[in-house]
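First comes the structure, then the notes that go with it.
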Amino acid sequence: MTAEGARGAALGAGLALAAGLGVAGLGLAGLSVAGPAQADAAASGRALYETHCQSCHQFDGGGVPNFQPSLLDSVLVAAEPRTLAAYVLQGTADLPDTARAYNNVMPSFRHLSDAEVARLLRYVRGDLAGVDDAEPVTPEAVAEARAGLD
Amino acid sequence: MTGFTRLTAALGAATALLCAAPALAQAPDQTADGVEVSVPEGFTITPVAQGLGCVRHIAVHEDGTIYGAMMRRSCAAGDGGLVVLRDPDGDGTREATFTGADLQGTGIALYRGRLYYGTDTAIRRYTLDPETGLPAGAGEVIVGGFDEQSQHAVKPIAFDAQGHLYVSVGAPSNACQERMRTPGSPGLDPCPQLDRAGGIWRYDAEATGQRHTTDRRFATGTRNAMGLAYHPGADRLFFASHGRDDLHRLFPDLYTVEQNAELPSEEVHRLVEGGDYGWPYTYYDHEKGRRMVAPEYGGDGETTAEPGRYAEPVATIPGHWAPNDLIVYTAQAFPERYRGGLFIAYHGSWNRAPLPQRGYNVVFVPVSADGERVGAPEVFADGFKGREPLRSPRNAAHRPTGLAIGPDGALYVADDQGGTIWKIAYDR
């Protein structure tokens, strides 16, 4: 096939199929989508996870090797609530590059309220990681963690 | 017989649409783990090595020896950051030797008979033992002094015909925000990271002891140009770079989840001295066919970047496919339409959630002998991920990471998830 012929074939194929294959339509089939409205104060822990965490830690919390850690077998996720809350509130951006084990940076989540962080972390610990949550994360614990950072 | 897709881009506007092409794939060859990779009719694909670990960029010597770089020593199947695949007894099976206990990286190339290896902080060179094919001696530093960074730390390399070494230095952030990856945080203006990163640097290919310096910056505004290669007819390099992440998470009022999954474009460019390729101030929107002002710099998803200030892409691919390597097909074994064209390995997305992940393939961009794009980008080899839909890259069987041309004109494809190297040959 000549280069000109290849171009014609490619453009022709595109015209013929563009109407039949919606990219977003294919991707959305059967999946729930978290929109901005779900990120409000009343959002569930799952909705908060989908809005703030899912793109990096993945839908199941399993992470991406070398890029973002798994939450499923994490000592930190299973740690004492104030320790975990402090880590999430602070993020890893202030750590030196060489102190991070994964390529990407976790941002600070101080912009979330204490209640939102508590709901988010209860979802991560309970629903995703299956931590036996004898000491569930409470807004009060998050507030204590926040106070310790300020 | 399905699964052969084609990306159609309007010439000039560089607008990509995901479309299906006429059924061209032959019955695919099967790898040991049962994954079927489709290639166009007339081509065959055969694994030549498996279980290597996280092999990244590769280079093939004129004697057929394959050299592969490991991004982390800990993920190599053997002890070392360099794998050497040889067939000393000529039985058709390459034997893997792991070496380079002090090495880890992605960039690798053969230049004038010697091996160049890009660690995260230096470009090193090794002479090769003609008997074993292994590096002889401790090697030497060609360019050192690159900054340590966790994001986009690897150093892809390429050479031109005038004795220059090009090093892609990825940006140490997503979008040069005041607060990294933090919702609403503005971009630093000017972005100080561009002084030593986020661009392509040019050094002497053979002088030892050079130090990384802003003065040697050849082009700027490339967030993470993982694939770069010299096109002899055009007498310049082409490169493919990763676009930024997190438009929706960082700016939920401006971008939907669906826009976040598709935007921004992964861009393919010609490399021009002094060129500005737009990061972090802009990004390319292949759906609009325009370069846009980044939201960290006042953009709202609709505002077009200043015309003429930034380079226009040769081709664009939908967001997050992650171009991990690019080569120019300079051999003669493939049909004429492939000669001078670009092959790009897409590592595959991780950040399209909740939509399925995409990429995980090898794309061909038709380019003429003198370096002009003459056709639409098309998926050349597909099926590496081994399942559809794929929701997490963790569940992909293979992720293409490196490309090289062998002395027989075959295309070799490396993968850092299944640790496989394939050979794609044209048999008719």
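Okay, here's what the table says:
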| read-out | value |
| --- | --- |
| Packing-based exposure ordering (other Cβ within 10 Å, fewest first) of B:Arg291, A:Arg110 | A:Arg110, B:Arg291 |
| Using θ = phi - 60° and Karplus 6.51 cos²θ - 1.76 cosθ + 1.60, couplings along the stretch B:299-313 (whole Hz; Gly, Pro as x) | x, 10, x, 10, 7, 7, 5, 4, x, x, 7, 10, 5, 8, x |
| Test item: Cα-centred dipole of the stretch A:35-149, Lys/Arg +1 and Asp/Glu -1 on Cβ, debye | 200 debye |
| Under 5 Å, built H, 5+ apart or other chain: amide partners of B:Arg290 | B:Asp285 |
| Rounded if a/c under 1.5, otherwise prolate or oblate - the stretch B:272-427, Cα gyration tensor axes | oblate |
| Ranked B:Lys288, B:Lys423, B:Lys385, criterion: other C-beta atoms within 10 Å, fewest first | B:Lys288, B:Lys423, B:Lys385 |
| Other protein chain Cβ atoms within 10 Å, averaged over every residue that makes up B:358-371 | 1 |
| Order of B:Arg236, B:Arg373, B:Arg223, B:Arg73 - criterion: other Cβ atoms within 10 Å of each residue's Cβ, fewest first | B:Arg236, B:Arg73, B:Arg373, B:Arg223 |
| Set of lysines with alpha-carbon distance to B:Lys385 below 28 Å, sequence-local pairs under 8 removed | B:Lys155, B:Lys423 |
| Net dipole in debye of the protein assembly as shown [+1 Lys, Arg Cβ; -1 Asp, Glu Cβ; about Cα centre; nearest 20] | 440 debye |
| Cα shape, chain B, gyration tensor, a/c 1.5 rule | oblate |
| Cα gyration tensor shape of the stretch A:35-149, rounded if a/c is under 1.5, else prolate or oblate by comparing a/b with b/c | rounded |
| Hz values of 3J(HN,Hα) by residue in the stretch B:185-199 - Karplus curve (6.51, -1.76, 1.60), Gly and Pro given as x | 5, x, x, 5, 9, x, 7, x, 5, 6, 5, 10, 7, x, x |
| Size of charge dipole - the stretch B:219-275 - debye, nearest 20, with Cβ of Lys, Arg +1 and Asp, Glu -1, no other charges | 220 debye |
| Theoretical ellipticity at 222 nm over chain B - DSSP helices of four or more residues, -39500 (n - 2.57) apiece, nearest 500 | -500 deg cm²/dmol |
| Chain B: relative contact order as a whole-number percent, Cα under 8 Å and 6+ apart | 17 percent |
| Other-chain or far-sequence residues with amide H under 5 Å of B:Leu263's (modelled H) | B:Gly319 |
| Taking the C-alpha atoms of the protein assembly as shown, convex hull volume expressed per residue in Å³ | 147 Å³ |
| For chain B, with +1 on Lys and Arg beta carbons and -1 on Asp and Glu, the positive-most of B:Gly133, B:Phe364, B:Asn351 along the dipole | B:Asn351 |
| Under 5 Å, built H, 5+ apart or other chain: amide partners of B:Leu390 | B:Gln357 |
| J(HN,Hα) series, the stretch B:342-348, from Karplus relation 6.51 cos²θ - 1.76 cosθ + 1.60, nearest Hz, glycine and proline x | 9, 10, 10, 8, 9, 4, x |
| Inter-site label distance for A:Ala101 and B:Ala207 at 7 Å from Cα along Cβ, in nm | 4.3 nm |
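Read-outs: derived from the displayed coordinates by stated rules, not from any lab. All of these numbers come straight from a predicted model, not from anything done at the bench. Using ideal geometry, Cβ is built from the backbone for each residue, glycine included, and neighbour counts are taken over all protein chains shown.
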